[in-house]
1. How many residues does segment 356-383 contain that are among the aliphatic types (A, V, I, L, M), more than 18 Å from R293 (Cα to Cα) and open to solvent by 10 Å² or more (accessible area, probe 1.4 Å)?
2. Given segment 250-347, what strands (runs of 3 or more DSSP E) lie entirely inside it while holding 1 or more residues that are open to solvent by 40 Å² or more (accessible area, probe 1.4 Å)?
3. Among residues belonging to segment 203-249 that are aliphatic (A, V, I, L, M), touching a residue at least 40 places away in the same chain (Cβ under 8 Å) and part of a strand (DSSP E or B), point out the one that is nearest to F187 (Cα to Cα).
4. I'd like the residue in segment 137-171 that is within 30 Å of L276 (Cα to Cα) and in contact with a helix residue (DSSP H, G or I) (Cβ under 9 Å, 6 or more places away or on another chain) and, out of all such residues, is surrounded by the fewest Cβ atoms within 10 Å (Cβ to Cβ).
5. May I ask you to list pairs of residues, at least six apart or on different chains, whose Cβ atoms are under 9 Å apart, with the first in segment 278-306 being on the phi > 0 side of the Ramachandran plot and at pLDDT 95 or above and the second being of a type outside the set (D, E) and surrounded by 19 or more Cβ atoms within 10 Å (Cβ to Cβ)?
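The values are calculated or read from the model by the stated rules, or taken from the named source; none is laboratory data. Worth saying up front: this structure is predicted, and the values here are computed from it rather than measured. As a convention, Cβ positions derive from the backbone with ideal geometry for all residues, glycine included, and neighbour counts pool all protein chains shown. Areas reflect the complete protein model, heavy atoms only, side chains present, ligands, DNA and RNA absent. Shrake-Rupley method; radii C 1.70, N 1.55, O 1.52, S 1.80 Å.
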Amino acid sequence: MTEELALLVLEDGSVFRGSAWGARGRTLGEIVFSTGMTGYQETLTDPSYHRQIVVMTAPHIGNTGVNDEDPESARIWVAGFVVRDPARRASNWRSRRELEDELIAQDVVGISDVDTRAITRHIRSHGAMRAGIFSGEALPAGAEHLSDQAREALVAIVNDQPQMVGAALAGEVTTPDAYTVAPAGDFEGQEPLARIVAVDLGIKARTPEQLSARGVEVVVVPVTISLAQLQELHPDGVFFSNGPGDPASAQRETELLRGVLDSGTPFFGICFGHQLFGRALGYGTYKLDFGHRGVNQPVRDTETGRVEITAHNHGFAVDAPTGRASTAPFEEGRYGRVEVSHIDLNDGVVEGLRALDIPAFSVQFHPEAAAGPHDGEHLFDRFVDMVRAHKEAH
């Protein structure tokens, strides 16, 4: 069987030749890499990967196929998928479909049989950048021998797409309508201990599951909700989820968060929600060269010294002073003192913020543990405890 040609083209002119895999055609996005050895189904369905082409550093992908229990949303969100050795056949008792069949069904263009280590090293050296995957009828004349004319045409297409800096994407992935997740597990059928309103910036299904398993009712709302509409739900706590895009572009969401903080309602944010918390406090955010993505990122809790292995998916970070508490810059300290609660041990990036004078905190990583690890799950306990204590005091 002759493999069909596919080309991965980067904005700097680099071209990687491989085989068409998944849907055929053209896809464009920011190219990033994920260091997770497992959890590819959760990665594919994570809304935070919207408009990103994901390179898997683990060489063998698709071994366990696709099941109906592990998706983090109702669809695949990655713009494209890059792997070295796709499994010839899935082998797992939970598998329902082959991974490539799922990619084809959802029109996700992929490429296989490429040197993912070389691609990852290139991204690490030159930074995440715009890219495209081309196969089938999307390949121009001369692509087989990669003529200068074909290369120039493909690079021009890649460079014509918008960059991730400045991208406002939460509105493209949020739920269209509010929905409620009732207390579950040991609390199923019981009166909720509290009500949490979760603003969906690109939420993963595992997050409300983690909260509901702790006895609270979770009302997931669209990112378009107003402060008045949010307050009409009478939340005992507010949660801001993960999501895609540049936090600097989310001015409306940041103002919504300031309204929550002004009300004194306990707040917890993760990933994109963490970045918006930083901006609400008056700190800046910036684009990382190649970001953190995977389920094996070490962070240190600055209070306890404990090192936790955590799941990440972010290309932006908060610029806040480490090593000491600082006064939040917004409006000359309107929100009081803040300390950096977690530090990434690989590069020193801020991974968490804790407000000392208001009931609010955030982390850059994903404590919902899909597909793991579980080191950060205790943060949901911390949030529920904070909410219950505040509720009892008021």
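1. Going residue by residue through segment 356-383, those that are among the aliphatic types (A, V, I, L, M) are 356, 358, 360, 363, 369-371, 379.
From what is left, the residues that are more than 18 Å from R293 (Cα to Cα) are 356, 358, 360, 379.
Still in the running and open to solvent by 10 Å² or more (accessible area, probe 1.4 Å): 356, 358.
Number of matching residues: 2.
2. Values: elements: 267-270, 284-301, 307-319, 337-344.
Fully inside segment 250-347 and qualifying: 284-301, 307-319, 337-344.
3. That would be V219.
4. First, the residues of segment 137-171 that are within 30 Å of L276 (Cα to Cα): 158-171.
Those still in the list that are in contact with a helix residue (DSSP H, G or I) (Cβ under 9 Å, 6 or more places away or on another chain) too: 165-170.
Values: V165: 14, G166: 11, A167: 17, A168: 16, L169: 22, A170: 30.
Among residues in segment 137-171 that are within 30 Å of L276 (Cα to Cα) and in contact with a helix residue (DSSP H, G or I) (Cβ under 9 Å, 6 or more places away or on another chain), the one surrounded by the fewest Cβ atoms within 10 Å (Cβ to Cβ) is G166.
5. If the second residue must be of a type outside the set (D, E) and surrounded by 19 or more Cβ atoms within 10 Å (Cβ to Cβ), the pairs left are G282/A328; G282/Y335.
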